[in-house]
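**Student:** Starting off with a structure, shown below.
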Amino acid sequence: MSNTERTFIAVKPDGVHRGLVGKIIARFEERGFKLVALKQLTASKAHLEVHYQDLKDKPFFPSLIEYMSSGPIVAMVWQGLDVVKQGRVMLGATNPLASAPGTIRGDFAIQTGRNICHGSDAVDSANREIAHWFKQEEINDYASPFINSWVYE
Ligand code: GDP
Ligand code: MG
């Protein structure tokens, strides 16, 4: 846990189609986290099968891969203190009907199969996912004195 912890956040195809990219980015920016990588892409099924490898035996796996490869996603890396855990709190529960109002899924989604946003669930998986989605040179390691002084004590 440090100010340089990083997590992988992605706006899923439904979030992009519904015009929620800006709102999702704004929540992380306004919280005080630092955006260090961002790109829009349409992911291949093969790439998504690796990303979701832990779920390959689930009955919903084929439909999950279909959904996630159906259109563009916005892939991001956010940095800050405890950002992996806080990102999960900001997303809400996997099932939007169980997500508290005020969370991204709790405010913008209804069904698990259209829950608009991905967030890494642990520091280890975040590091694996960041390396899977971004080349080293796509991640921007820049100083942010304002955040350092005014978000952190
Ligand atoms: P997450 O970490 O909260 O995204 O949840 P998981 O890692 O358990 O699942 C990954 C993604 O698979 C979820 O965000 C959903 O898009 C999808 N998913 C998980 N469980 C179900 C399910 O029971 N039904 C359907 N249709 N999709 C699911
Ligand atoms: Mg997950």
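The values are calculated or read from the model by the stated rules, or taken from the named source; none is laboratory data. All figures in this text were calculated on a predicted structure; none of them were measured in a lab. Cβ sites come from the backbone with ideal geometry, for glycine too, and all protein chains shown count toward neighbours.
**Student:** Quick one: how many residues across region 116-129 are among the hydrophobic types (A, V, I, L, M, F, W, C) and closer than 19 Å to Val21 by Cα?
**Tutor:** Residues meeting the conditions: 2.
**Student:** Output the qualifying pairs, or none if there are none: Cβ atoms under 8 angstrom, residues six or more apart or on different chains, first residue in region 28-42 and buried (at least 16 other Cβ atoms within 10 Å of the Cβ) and part of a helix (DSSP H, G or I), second residue modelled with pLDDT of 95 or more and of a type outside the set (Asp, Glu).
**Tutor:** Every condition considered, the pairs that remain are Phe28/Ile9; Phe28/Leu35; Phe28/Met76; Phe28/Trp78; Phe28/Gly87; Phe28/Met90.
**Student:** Condition test on Gly113, is it part of a loop (DSSP other than H, G, I, E, B) and in contact with a helix residue (DSSP H, G or I) (Cβ under 8 Å, 6 or more places away or on another chain)?
**Tutor:** Judged against the criteria, Gly113 is not a match.
**Student:** Also, I was wondering about something else. Which of the residues spanning region 99-109 are surrounded by 12 or more Cβ atoms within 10 Å (Cβ to Cβ) and either within 9 Å of ligand 1 (Cβ to nearest atom) or over 17 Å from Arg31 (Cα atoms) (or both)?
**Tutor:** Ser99, Arg105, Gly106, Phe108, Ala109
**Student:** Hey, does region 120-129 have a residue that's under 20 Å from Asp14 (Cα atoms), more than 14 Å from ligand 1 (Cβ to nearest atom), not in a loop (DSSP other than H, G, I, E, B) and not charged (D, E, K, R)?
**Tutor:** No, every residue in region 120-129 fails to be under 20 Å from Asp14 (Cα atoms), more than 14 Å from ligand 1 (Cβ to nearest atom), not in a loop (DSSP other than H, G, I, E, B) and not charged (D, E, K, R).
**Student:** Would you mind telling me which numbered condition in (1) touching a residue at least 12 places away in the same chain (Cβ under 8 Å); (2) loosely packed, with under 12 Cβ neighbours inside 10 Å Asn95 fails?
**Tutor:** The number of the failed condition is (2).
**Student:** Sort out which residues of region 130-153 are assigned to a helix (DSSP H, G or I) and of a type in the set (Ser, Thr, Tyr), and write them in order of number.
**Tutor:** Result: Ser149, single match.
**Student:** Is it the case that region 131-148 has a residue that's within 16 Å of ligand 2 (Cβ to nearest atom) and of a type outside the set (S, T, N, Q)?
**Tutor:** The answer is yes; a qualifying residue exists.
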